[in-house]
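Q: Pasting a structure below so you can have a look.
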Amino acid sequence: MEIFEYAPAPESRSIVTIRPSYDLFIDGEFVAAKSDERIVTVNPADEEPLSEVAAAGEADVDRAFTAARRAFERVWSPMPGAERGKYLFRIARIIQERARELAVLESLDNGKPIKETRDIDLPLVAAHFFYYAGWADKLAHAGFGTRPLGVAAQVIPWNFPLLMLAWKVAPALATGNTVVLKPAETTPLTALAFAEICQEAGLPPGVVNIVTGAGDTGRAVVAHPGADKVAFTGSTDVGREIARAVAGTGKRLTLELGGKGANIVYDDAAIDQAVEGIVSGIFFNQGHVCCAGSRLLVQESIAEELLAKLRARIERLRLGDPLDKNTDIGAVNSAAQLARIRELAAAGEAEGATGWSPACPLPERGYWFRPTVFTGVTQAHRIAREEIFGPVLSVLTFRTPEEAVAKANNTPYGLSAGVWTEKGSLMLWTASRLRAGVVWSNTFNVFDPASPFGGYKESGYGREGGRHGLEAYLG
Ligand code: NAD
Ligand code: MG
């Protein structure tokens with residue numbers, strides 16, 4: 001197939017200043033960690049180190065909770081909601097002003113294409129702060145009480161580093177809680193840039209504290225007796241461990257965990273639009289998306305035609321330099337994640353499914369995986385059951401709507417689904433039977449801060465976003 005040539009259009013990285021090393025952000029200042037362990041964060045597109053951050057130990061975490069408690073009691077919870085809202089509006093505006101810089105920084109540290117950080121992550125981050133800023137003085141109308149819980153312990157993953165921070169910090173602050181947040185170890189840099197934004201906005205010291213580190217730091221944050229609420233986004237295994245650690249402590253808990261979303265395409269669907277939705281459903285953000293449409297369920301009568309169009313579309317995806325504005329698929333976030341994707345893709349072949357990828361060249365350095373489509377997948381295959389969290393699509397077919405729903409629900413997860421049909425009645429029939437927190441109708445991976453998001457079953461509990469997102473932070 002002919003693929004037209006194009007000139008690379010890289011975004012300049014000169015807009016970003018990355019310090020060689022970062023301290024912890026506690027009580028409004030960057031302070032040296034008591035622990036001397038450091039973590040290097042790399043650019044997954046070329047494996048070059050970008051910076052190093054502190055790995056906070058228990059004493060550091062304790063210091064952050066002390067600062068958060070003091071700020072909660074003396075400043076933040078007594079403050080009228082309208083005043084708190086002003087800080088959130090200010091933060092939202094600074095994020096907009098610094099959006100280009102933050103987008104480049106996120107692409108460097110995470111590996112995701114600049115097209116996505118610029119057009120999706122950053123606009124949504126600002127929108128979340130604007131949205132929850134608007135709630136700060138209207139909590140009495142939300143229907144969940146008006147009292148903040150206290151200090152929120154928040155642990156987030158690497159796939160949408162700044163967006164997951166926004167989903168956690170904005171509602172916590174709007175409701176009068178203070179925060180100790182731990183970003184993921186492979187993507188700490190935008191959270192540290194956010195710490196600078198808190199300073200720039202004049203946010204009172206201690207309202208937001210950011211402690212970097214890996215799983216041990218996360219464990220210390222979650223287990224700290226000073227936490228009144230724990231909010232976690234990440235894998236189901238770690239979520240389970242956290243649920244056990246928090247059980248019986250009286251801490252409130254919300255968990256946003258993994259997923260294995262089904263994208264159901266009926267025979268009357270607009271095929272070209274469905275192909276676009278399937279592509280964005282699984283290849284957006286290299287498939288590092290908890291609500292990815294990683295299982296395509298296509299009605300048997302159109303499977304052949306749809307798969308031919310899907311392959312032709314995938315052959316036109318551009319994989320490479322995340323900072324190139326033409327890039328559709330960037331780097332896999334880490335060597336560990338790449339190893340996991342490879343292992344599951346190999347299991348797909350070993351179990352008898354057939355993998356297909358376009359012949360796109362891969363850069364020599366960095367962590368890369370070609371977009372991959374598996375056909376001949378059965379429900380028992382590991383690639384149909386386990387979350388791959390990479391650019392790998394499993395295709396299954398169905399004959400009747402009943403079969404489509406049964407297959408879509410045949411998963412321990414329940415985060416997302418997509419339904420493609422022209423018939424409104426079939427859409428509603430299907431959507432009402434799917435056990436998934438979000439069901440998209442003739443679209444996929446569309447987000448809005450006003451819309452609640454969350455899971456059923458092993459995808460977790462609690463909702464983030466929208467009015468419902470306030471509930472987790474009010475008592
Ligand atoms: P992960 O669970 O390994 O790590 C998530 C965070 O938890 C990281 O900050 C990590 O350092 C920390 N952590 C690790 N062990 C911990 C422990 N024992 N106690 C406390 N914290 C600990 O997940 P990941 O690989 O970084 O992220 C990918 C996973 O996140 C996928 O399963 C994905 O589906 C899920 N995810 C879910 C949502 C959602 O909204 N449901 C959103 C994004 C990602
Ligand atoms: Mg990194």
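The values are calculated or read from the model by the stated rules, or taken from the named source; none is laboratory data. Please read all numbers here as calculations on a predicted model, not as lab measurements. Here the Cβ is made from the backbone with ideal geometry for all residues, glycine too, and neighbour counts use every protein chain on show. Note: accessible area is taken over every heavy atom of the protein model, side chains too, but ligands, DNA and RNA are not part of it. Shrake-Rupley method; radii C 1.70, N 1.55, O 1.52, S 1.80 Å.
Q: Of the residues that sit in the stretch 34-51 and are within 16 Å of ligand 1 (Cβ to nearest atom) and touching a strand residue (DSSP E or B) at 6+ places or on another chain (Cβ under 9 Å), which one is least open to solvent (accessible area, probe 1.4 Å)?
A: The first filter runs over the stretch 34-51 and keeps only residues within 16 Å of ligand 1 (Cβ to nearest atom), leaving 35, 37-42, 44.
Narrowing further to those that are touching a strand residue (DSSP E or B) at 6+ places or on another chain (Cβ under 9 Å): 35, 37-42.
Working: 35: 33, 37: 118, 38: 81, 39: 28, 40: 82, 41: 1, 42: 42 Å².
It comes out as 41.
Q: Now, a different point. Return the total of residues in the stretch 144-173 being part of a helix (DSSP H, G or I) and under 19 Å from residue 330 (Cβ atoms).
A: Total satisfying the criteria: 4.
Q: Evaluate the stretch 245-255: report whether one residue or more is out of contact with any His (no Cβ under 6 Å at 6 or more places or on another chain), outside any strand (DSSP E or B) and closer than 28 Å to residue 102 by Cα.
A: The answer is no; no qualifying residue exists.
Q: Might you check whether a residue that is more than 23 Å from the chain's Cα centre (by Cα), more than 16 Å from ligand 2 (Cβ to nearest atom), open to solvent by 10 Å² or more (accessible area, probe 1.4 Å) and at pLDDT 95 or above occurs anywhere in the stretch 175-192?
A: Checked the stretch 175-192: no residue is more than 23 Å from the chain's Cα centre (by Cα), more than 16 Å from ligand 2 (Cβ to nearest atom), open to solvent by 10 Å² or more (accessible area, probe 1.4 Å) and at pLDDT 95 or above.
Q: Moving to a separate point now. If we keep just the residues of the stretch 251-263 that are open to solvent by less than 10 Å² (accessible area, probe 1.4 Å) and more than 7 Å from ligand 1 (Cβ to nearest atom), which is farthest from residue 462 (Cα to Cα)?
A: Looking at the filtered set, the residue picked out is 263.
Q: Listed residues 243, 227, 303, 214; which is aliphatic (A, V, I, L, M) and within 16 Å of ligand 2 (Cβ to nearest atom)?
A: Unique residue meeting the criteria: 214.
Q: Tell me which residues, restricted to the stretch 275-300, are touching a residue at least 40 places away in the same chain (Cβ under 8 Å) and part of a helix (DSSP H, G or I).
A: 277, 278, 280, 281, 282, 283, 284, 285, 286, 287, 300
Q: Just to check your reading of the model, which residue among 101, 83 is within 30 Å of residue 337 (Cβ to Cβ) and more than 18 Å from the chain's Cα centre (by Cα)?
A: Selected residue: 101, the only one of 101, 83 that is within 30 Å of residue 337 (Cβ to Cβ) and more than 18 Å from the chain's Cα centre (by Cα).
Q: Here is a further query. What number of residues within the stretch 136-156 satisfy the criterion of being surrounded by 22 or more Cβ atoms within 10 Å (Cβ to Cβ) and either within 16 Å of ligand 2 (Cβ to nearest atom) or aromatic (Phe, Trp, Tyr) (or both)?
A: Of the residues in that region, 1 qualify.
Q: Sticking with this structure for a sec: Kindly indicate the residue of the stretch 427-448 that is within 14 Å of ligand 1 (Cβ to nearest atom) and either assigned to a loop (DSSP other than H, G, I, E, B) or open to solvent by less than 10 Å² (accessible area, probe 1.4 Å) (or both) and also farthest from residue 294 (Cα to Cα) among those meeting that condition.
A: 447
Q: Considering (1) open to solvent by 20 Å² or more (accessible area, probe 1.4 Å); (2) more than 24 Å from residue 432 (Cβ to Cβ), say which one residue 270 fails and leave the rest.
A: The one condition residue 270 does not meet is (2).
Q: If you take the residues of the stretch 193-214 that are β-branched (Val, Ile, Thr) and not in a loop (DSSP other than H, G, I, E, B), which of them is surrounded by the fewest Cβ atoms within 10 Å (Cβ to Cβ)?
A: In this case the residue turns out to be 197.
Q: Taking into account only those residues within the stretch 108-117 that are more than 15 Å from ligand 1 (Cβ to nearest atom) and over 14 Å from the mean Cα position of the chain (by Cα), which is most open to solvent (accessible area, probe 1.4 Å)?
A: Initially, the stretch 108-117 is screened for residues more than 15 Å from ligand 1 (Cβ to nearest atom), giving 108, 113-115, 117.
Narrowing further to those that are over 14 Å from the mean Cα position of the chain (by Cα): 108, 113-115.
On the way: 108: 6, 113: 0, 114: 2, 115: 65 Å².
Per the criteria, the residue is 115.
Q: Mind listing just one residue for me: the one in the stretch 223-250 that is aliphatic (A, V, I, L, M) and over 19 Å from residue 160 (Cβ atoms) and, of those, nearest to ligand 1 (Cβ to nearest atom)? Write out each step before concluding.
A: Start the filter on the stretch 223-250 by keeping residues that are aliphatic (A, V, I, L, M), which leaves 223, 227, 230-231, 238, 242-243, 245-247.
When the remaining residues are screened for being over 19 Å from residue 160 (Cβ atoms), the result is 223, 227, 230, 242-243, 245-247.
Values: 223: 8, 227: 12, 230: 9, 242: 6, 243: 11, 245: 7, 246: 10, 247: 14 Å.
Filtering the stretch 223-250 for residues that are aliphatic (A, V, I, L, M) and over 19 Å from residue 160 (Cβ atoms), the one nearest to ligand 1 (Cβ to nearest atom) comes out as 242.
Q: Let me ask something else. Go through the residues of the stretch 366-377 one by one and say whether even a single one is charged (D, E, K, R) and either in a loop (DSSP other than H, G, I, E, B) or exposed (fewer than 14 other Cβ atoms within 10 Å of the Cβ) (or both).
A: Yes; the residues of the stretch 366-377 include at least one that is charged (D, E, K, R) and either in a loop (DSSP other than H, G, I, E, B) or exposed (fewer than 14 other Cβ atoms within 10 Å of the Cβ) (or both).
Q: In the stretch 174-192, is there at least one residue being at negative phi, touching a strand residue (DSSP E or B) at 6+ places or on another chain (Cβ under 6 Å), assigned to a helix (DSSP H, G or I) and in contact (Cβ under 8 Å) with a residue 60 or more places away in the chain?
A: yes
Q: Scan the stretch 118-127 and give yes if some residue there is open to solvent by less than 20 Å² (accessible area, probe 1.4 Å) and touching a residue at least 60 places away in the same chain (Cβ under 8 Å), otherwise no.
A: No, that holds for no residue.
Q: Taking the options 403, 386, 364, name whichever one is touching a residue at least 60 places away in the same chain (Cβ under 8 Å) and away from ligand 2 (no atom under 16 Å from the Cβ). Let's see the steps before the verdict.
A: On the way: 403 fails: touching a residue at least 60 places away in the same chain (Cβ under 8 Å); 364 fails: touching a residue at least 60 places away in the same chain (Cβ under 8 Å).
So the residue among 403, 386, 364 that is touching a residue at least 60 places away in the same chain (Cβ under 8 Å) and away from ligand 2 (no atom under 16 Å from the Cβ) is 386.
Q: Still on this structure: Restricting attention to the stretch 327-343, which residues are open to solvent by less than 10 Å² (accessible area, probe 1.4 Å) and either at pLDDT below 95 or among the hydroxyl-bearing types (Ser, Thr, Tyr) (or both)?
A: The one that is open to solvent by less than 10 Å² (accessible area, probe 1.4 Å) and either at pLDDT below 95 or among the hydroxyl-bearing types (Ser, Thr, Tyr) (or both): 327.
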